[in-house]
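Only the coordinates and a few stated rules stand behind these numbers; no lab work does. A quick note: this is a predicted structure, and the numbers were derived from the prediction, not measured. As a convention, Cβ positions derive from the backbone with ideal geometry for all residues, glycine included, and neighbour counts pool all protein chains shown.
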Amino acid sequence: MSRTCILVVDDDPDLRSVLQERLTYRGYRVETAENGHDALTKLDLAVFDGVLLDYMMPGITGVAVLQHIRQHCPLLPVVMMTGETSSQVAAQARAAGARACLLKPFDQEGVGTSGAVLVRHGGISLVVARMTTTERNRSTPRETHWH
């Protein structure tokens, strides 16, 4: 039986490495892409069970990659990751087809939750742990539900 495969797309090599390490530790098979072009290539060549996708990348943006995903794999669960705290960013990601938006930086538990939820709910109902500044200080994640 093959393990669940998640594509992690982020232009920050340190974040890609941490996400790959944490998700692999939790039992997922993880592929990474450093930019939108690399992500589109990998999406055309392989089948993924979920995508963690950076919102803002040089070149092809996360939103453009998400639009491509929605055209070619409309049921593929995608969680957008962003450092932008504006609710407008989350609204744009959701309008483009993201199941949820994960606010960076996030803690180790938030990363594991994102991967697990992508798979368990198949993109129909997501629960994503994320941290606000106050909660980071208390180390207590807040859950955001998008249906």
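Working from label points 7 Å from Cα in the Cα-to-Cβ sense, the S17 to L45 distance is 2.2 nm. Note that region 1-75, at 20 °C in a medium of 1.002 mPa s, gets a Stokes-Einstein diffusion coefficient of 173 µm²/s from its Kirkwood radius over C-alpha pairs.
The slack between S87 and R70, meaning 0.36 nm per residue of separation minus the straight C-alpha distance, is 4.0 nm. Once both labels are positioned 7 Å from their Cα atoms along Cα-to-Cβ, the gap between Y25 and H37 label points is 3.3 nm.
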